[in-house]
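The values are calculated or read from the model by the stated rules, or taken from the named source; none is laboratory data. All values reported here derive from a predicted model rather than from experimental measurement. Glycine also receives a Cβ, built like all others from the backbone with ideal geometry; neighbour counts cover every protein chain displayed. These accessible areas exclude ligands, DNA and RNA; they are computed on the full protein's heavy atoms, side chains included. Shrake-Rupley method; radii C 1.70, N 1.55, O 1.52, S 1.80 Å.
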Amino acid sequence: MISLNIEKTFGFISKESVSAYEAQVKAAQEALENGTGKGNDFLGWLHLPSSISKEHLADLKATAQVLRDNCEVVIVAGIGGSYLGARAVIEALSNSFTWLQEKKTAPVIIYAGHNIGEDYLYELTEFLKDKKFGVINISKSGTTTETALAFRLLKKQCEDQRGKEMAKKVIVAVTDAKKGAARVTADKEGYKSFIIPDNVGGRFSVLTPVGLLPIAVAGFDIEKLVAGAADMEKTCGAEVPFAENPAAIYAATRNELYKSGKKIEILVNFCPKLHYVSEWWKQLYGESEGKDNKGIFPAAVDFSTDLHSMGQWIQEGERTIFETVISVDKVNHKLEVPSDEANLDGLNFLAGKRVDEVNKMAELGTQLAHVDGGVPNMRIVIPELSEYSIGQLLYFFEKACGISGYLLGVNPFNQPGVEAYKKNMFALLNKPGYEEESKAIRAKL
């Protein structure tokens, strides 16, 4: 089971001040359980892990197998919560270099629809020209510009290259049950489809088909992922005492640090495979808490890499930050530092040591240095990089996010600010229906 240690925040805040959140946390937990808080129509994620049926997982696995059998490449088309969860899990569990190898046991997973880069999309379509590829189109509405544009290109290319009948077999829609452009297209074309539940927002959707289907296509065990999340659901349950509930303690500690002037939380890992877990976490917390002119700013760094770029600022910059470190207890492979007769690099003192031991000492040394430099530290330890452990980690962060948003006094389940750029973009592109906005914005320019 993953564990949380907040000892290195004391001295900046007190143990008593964190414990004082118990009543507020209980109220937040009850609001989540009873659906009495803000955004209560988006609480479908809360008991999702324990409610996923074996039949549903079997359906996802069967569809994944069709794509695995018929595709060299599968493109996941989605943006934000529609792709980050899947990518976080896939990159955390994948061999870092499999995609470069000639013999592959699973399709290469590529992502599109998360930007509007013409060069990126051109290069993607060129890469796919001689490939047997399929597409998982993930969009509740089917009209999100970035994803819809990419899917329009990919759908045509897939049909042109593989024929309409095969395209129907290797294009899968993950979308709304009844409405929206993606639903209409899926029904019209006869695509296999899965439903994004109405009561689960994008950033909380990794344990719906949004995340589970791509993860299964990549060859990972979605049953173990869900089992890990379900066990963490129990560990963070409303009936679990505050002192034993890691989600409650994390939410309380970060809110107390925020109250004490720590406005930025930096999620740290010492394992490069966790980079996209950080990207997923940034959306989860940024979109959930950044509103009403409030909210901790979520940032992330990959150590020890970023110690050589951001380390100086973290050590001695403005003291408005705290760190949450994800530490992986046990690595999956063994590699020892060799001895070298010349010892020109001076590293013979490490000869015979595991590389992971060197990394762990870098982690410990960094934590001590940053705490001494005025940066409170929390530490989350996950046993290993496995489906079960990652499932735990994802649900832990989701549950803590719901509690934390309520402690902050915001609606953690909406994102009204995301619409602002879209309105301006549509006006500038002269989208029908935006004529007045277009006039107003061009007058400003």
*So, in nm, how far is label V381 from label L344 when the simple model puts each one 7 Å beyond its Cα toward the Cβ?*
4.0
_Which aspartates and glutamates, if any, have their Cα less than 17 Å from the Cα of K26, not counting same-chain residues under 8 positions apart?_
E16, E233, E239, E244, E256, E398
*Can you tell which of L121, A218, Y111 lies farthest toward the positive end of the dipole of the range 45-219, using +1 and -1 charges on the Cβ of basic and acidic side chains (Lys, Arg; Asp, Glu)?*
A218
*First compute the accessible area of the range 45-219 with a 1.4 Å probe, then give the percent of it belonging to carbon and sulfur atoms.*
54
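So if we plug the beta-carbon distance of F297 and D198 into 1/(1 + (r/R0)^6) with R0 = 41 Å, what FRET efficiency do we get, rounded to 0.05?
After rounding, the FRET efficiency stands at 0.85.
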*Summing +1 for each Lys or Arg and -1 for each Asp or Glu, what net charge is found among the other residues whose Cβ lies under 13 Å from the Cβ of A400?*
-2
*Where does the charge balance sit around L93 when Lys and Arg score +1, Asp and Glu -1, over other residues with C-beta under 13 Å from its C-beta?*
-1
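Label the range 1-146 by shape, choosing from rounded, prolate and oblate, from the square roots a ≥ b ≥ c of the eigenvalues of the Cα gyration tensor; if a/c is under 1.5 it is rounded, and otherwise prolate applies when a/b is larger than b/c, oblate when it is not.
Numbers: a/c = 2.17, a/b = 1.91, b/c = 1.13.
Prolate shape, in that a/c is at least 1.5 and a/b is the bigger ratio.
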*Whole-Å semi-axes of the chain's equivalent ellipsoid, largest first, each the root of 5 times a Cα gyration tensor eigenvalue?*
36, 29, 23
*Distance check, please: which entries in K179/K294; K38/K234; K129/K169; K262/K399 exceed 27 angstrom between their Cα atoms?*
K179/K294
*Could you please report the charge total around A227, scoring K, R as +1 and D, E as -1 over all other residues with beta-carbon less than 12 angstrom from its beta-carbon?*
-2
*asked:* Keeping every protein chain present and rolling a 1.4 Å probe, give me the accessible area per residue for the chain in Å².
replied: 47
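Dividing the convex hull volume of the alpha carbon atoms of the range 45-219 by its residue count, what do you get in Å³ per residue?
Values: hull volume 19.5 nm³, N = 175.
Looking at the range 45-219, the number lands at 111 Å³ per residue.
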_Cross-link candidates for K444: which lysines have Cα within less than 24 Å, leaving aside residues fewer than 8 places away along the same chain?_
K422, K423, K431
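Relative contact order, percent, of the range 306-445 when contacts are C-alpha pairs under 8 Å separated by at least 6 residues?
On the way: 102 pairs, mean separation 33.5, N = 140.
That works out to 24 percent.
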*Out of residues 5 or more away from M378 or on other chains, whose amide H comes under 5 Å of its own, with H placed 1.01 Å from N in the peptide plane?*
E323, T324, V325
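Which order do peptides 415-426, 19-30, 150-161, 200-211 fall in by mean Cβ count within 10 Å, highest first? Don't skip to the end; give the middle numbers.
Numbers: 415-426: 12.2, 19-30: 16.7, 150-161: 18.4, 200-211: 26.9.
For the peptides 415-426, 19-30, 150-161, 200-211, the packing ranking is 200-211, 150-161, 19-30, 415-426.
Could you work out how much longer the chain between Q65 and K129 gets when fully extended? Use 0.36 nm per residue separation minus the Cα distance between them, nm to one decimal.
Numbers: separation 64, 0.36 × 64 = 23.04 nm, distance 2.28 nm.
Roughly 20.8 nm would be gained on extension.
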*asked:* Using a 7 Å offset from the Cα along the Cα-to-Cβ direction at both R152 and W313, what is the distance between the two label points in nm, to one decimal?
replied: 3.7
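What FRET efficiency comes out for the pair A20/V418, r = Cβ-Cβ distance, R0 = 25 Å, nearest 0.05? Don't skip to the answer; put the middle values down first.
Values: r = 34 Å, r/R0 = 1.36.
Efficiency at R0 = 25 Å is approximately 0.15.
Show me the ranking of peptides 3-13, 94-104 by mean Cβ neighbours inside 10 Å, starting with the highest. Walk me through the intermediate numbers first.
Values: 3-13: 16.8, 94-104: 10.2.
Averaged packing, sorted descending, gives the order 3-13, 94-104.
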*Using DSSP, restrict attention to beta bridges with both residues in the chain and report what percent are antiparallel, rounded to the nearest 5.*
10
*Let a ≥ b ≥ c be the square roots of the eigenvalues of the Cα gyration tensor of the range 1-70; is it rounded (a/c under 1.5), or, if not, prolate (a/b larger than b/c) or oblate?*
oblate
